[in-house]
Amino acid sequence: MPPTCIHTVVLTVFFPLCFLWPIPGPLPMDAVAAADGSFYDDLDVAVVLGYGAGLRIRRALLTVRGRVEKLPFGGSRPGRRPNRDRNFDLGAHSIMRDYFGVGGEPPVYSERDFEKRNRMPRAIFKRLYTAVRNEPWWRRSINATGRLQSYPIQKLLAALRVLGYGEPYDRPDEYCRLSPSTIAEATRRLTNLIVDKWEATYLRRPTEDELKHILTRNAARGMPGCIGSIDCTHWQWLKCPKALAGQYHDRKGKRSVVVESICDEDTYIWHFFIGAPGSYNDMNVLACSPLMLDVNAGVWPPRNINYTLNGRTRRLLYYTADQGYPRYALFAMTHPNPVTPKRRVYNRLQQAVRKDAERLYAVMPSRFNIILRPARFTTVLRMINTGKAVAILHNMAIECTRSDFLAQRRIDAAAEVRQAVADLQGQRQGPGNEESECGSRQGRPAAARAASERQPAFFIDNGPRGPGVWGPPQPAEHEAQDDMVETGTEQDVVPGSLRYTDGAECEAKDRDAHFALLHDLSEHIFADRGRLLLPYS
């Protein structure tokens, strides 16, 4: 019971009883027993009447003061503002006329304008529309008054405007003709649908064929065995609850959530982990990341892919990382003290290759501004779903437009040049020209000889893997490989056993193997430094 009601009951019940009820004198025991029952019955009635009088007095006071309390729920009742007549048909017609064309006329805005304003190609927009148009909440319905409601294309475009521009929910109202509550609900449902439907397709580890393509491209860039670049960033959390403020307090004094991702040269995301508190650094995030859990269990990277580096064959693939990560054999980082020309050349190329992850954190927020601005969500789960949805849409856009990227055009041009050089050398060679060929071969520079004698980027080996999970580097000669295979059949570890997981964690976190990898990469890059550093000069 509210305090005001208690005071009212006390004033209206007990004071009248004190002054009006007569004080009885000495009575016999029978009379006292008979009077007790009637006394408590009258007291109950007085309490009920006093409580009702108190409620009437309180209501009268609130009415006089103009403090009539609102009901906890909305609805059609006197005094409530009616819904605005937003004209849903006009909103849908404007969208169709501007971007798709109406009545056989071409659209007002071109394909380039569509991609610029909606932050995705038209094919992806149609794919999203096909996925949502038959869902119960998205399709057009009829309200309680018998009026038709908004179209699915209005809700979809309004949600994409919120994700693309990072604007408030009431901003697209003027064009999409929807209320802020409808746009907020559409944004939430769209992010959940994208994550549920496409997370297993676009946020996963690369398959064997995709991994071969990544290895081939990175080997051409001078980093054989590299399968991507890893880095972290922070997404500021504007509406962080005060109870979590200390946990999500980052080094800049803001409340944020950490995002960890791995991408390739085209900024296509192959690993996306979001949700770690902002107080974590890169090492803390890596320790709780699903990536490191799979590495410690020996599940990733695959064990059947070998690559040759500086005359030695390795099985443990690696990522390029900055100085914020630990010096594990899983990461190729810069030399801490580059005092020799080989180390300086390697550091320059490694910094250029690992910029792929940093470019991702510039390209993705520029495409979807919602992760560029402070998050206005009240829960971490909403931030996780929104971040994953943005990453999925980014991968969809990269998948549609990667054929026009500069890196892809460079690969095609380099392939044409290699084919032309091979044809020219074939024309120059002929019967009786062996001596001149040897003379020209000796006269070529060391970089050209290294490029011509370069080994394949990788090779698949599904045979016995030797001691350990990935095993130590082995000489690349055929005789040494044969000896390794013969001795490895007796020492191969059973996958999933305790010895297997312990060995995988020790091999992936070996500090000596990390510096041996840096040494071999430095020797490999310095031999062909002119060609490898040319795109970055």
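Listing for the model above:
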item	result
Any hit, region 270-291, residues being under 25 Å from residue 471 (Cβ atoms) and in a loop (DSSP other than H, G, I, E, B)	yes
In region 322-349, the residues that are in a loop (DSSP other than H, G, I, E, B) and among the hydrophobic types (A, V, I, L, M, F, W, C)	329, 330, 333, 339
Residue ID - surrounded by the most Cβ atoms within 10 Å (Cβ to Cβ), chosen from residues in region 136-171 that are in contact with a Pro (Cβ under 8 Å, 6 or more places away or on another chain) and in a helix (DSSP H, G or I)	158
Single condition residue 389 does not satisfy, out of (1) modelled with pLDDT of 95 or more; (2) more than 21 Å from residue 196 (Cα to Cα)	(2)
Residue in region 400-417 that is of a type in the set (Ser, Thr, Tyr) and at pLDDT 95 or above present	no
All positions within region 211-252 that are without any contact (Cβ under 8 Å) to a residue 40 or more places away in the chain, surrounded by 15 or more Cβ atoms within 10 Å (Cβ to Cβ) and under 14 Å from residue 264 (Cβ atoms)	none
So residue 299, is it buried (at least 20 other Cβ atoms within 10 Å of the Cβ) and farther than 15 Å from residue 353 by Cα	no
Residue check for residue 108: touching a His at 6+ places or on another chain (Cβ under 8 Å) and either outside any helix (DSSP H, G or I) or under 18 Å from residue 369 (Cβ atoms) (or both)	no
Residues of region 118-135 classified as buried (at least 16 other Cβ atoms within 10 Å of the Cβ) and in a helix (DSSP H, G or I), total	6
Failed criterion for residue 299 (all others in (1) under 27 Å from residue 208 (Cβ atoms); (2) touching a residue at least 60 places away in the same chain (Cβ under 8 Å) hold)	(2)
Positions within region 366-389 being under 29 Å from residue 265 (Cβ atoms), in a helix (DSSP H, G or I) and touching a strand residue (DSSP E or B) at 6+ places or on another chain (Cβ under 9 Å), in sequence order	371, 383, 384, 386, 387, 388
Among residues of region 348-368, those that are within 15 Å of residue 394 (Cα to Cα) and buried (at least 17 other Cβ atoms within 10 Å of the Cβ), counted	8
Single match in 227, 214 (criterion: closer than 30 Å to residue 536 by Cα and part of a helix (DSSP H, G or I))	214
Pairs where the first residue, in region 132-149, is within 14 Å of residue 92 (Cα to Cα) and the second is assigned to a strand (DSSP E or B) and not polar (S, T, N, Q), C-beta under 9 Å, 6+ apart	140/148; 148/142; 149/142
Residue among 296, 304, 337 that is more than 24 Å from residue 500 (Cα to Cα) and in the same structural domain as residue 473 (by TED's automatic domain parsing)	337
Residues of region 95-124 satisfying the condition of being within 33 Å of the chain's Cα centre (by Cα) and within 19 Å of residue 178 (Cα to Cα)	95, 96, 98, 99, 117, 118
Where residue 194 falls short, out of the listed (1) part of a strand (DSSP E or B); (2) within 30 Å of residue 136 (Cα to Cα)	(1)
Residues (without any contact (Cβ under 8 Å) to a residue 60 or more places away in the chain, closer than 30 Å to residue 503 by Cα and not aliphatic (A, V, I, L, M)) located in region 253-276	260, 273
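Quick grid of which residues meet (1) more than 26 Å from residue 380 (Cβ to Cβ); (2) at pLDDT 90 or above; (3) not assigned by TED's automatic domain parsing to the domain that holds residue 136:
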| position | (1), (2), (3) |
| --- | --- |
| 159 | no, yes, no |
| 162 | no, yes, no |
| 173 | yes, no, no |
| 183 | no, yes, no |
| 188 | no, yes, no |
| 191 | no, yes, no |
| 214 | yes, yes, yes |
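The values are calculated or read from the model by the stated rules, or taken from the named source; none is laboratory data. Fair warning: this is a prediction, and the values are worked out from it, not measured in the lab. We place every Cβ from the backbone using ideal geometry, glycine too, and count neighbours over all the protein chains shown.
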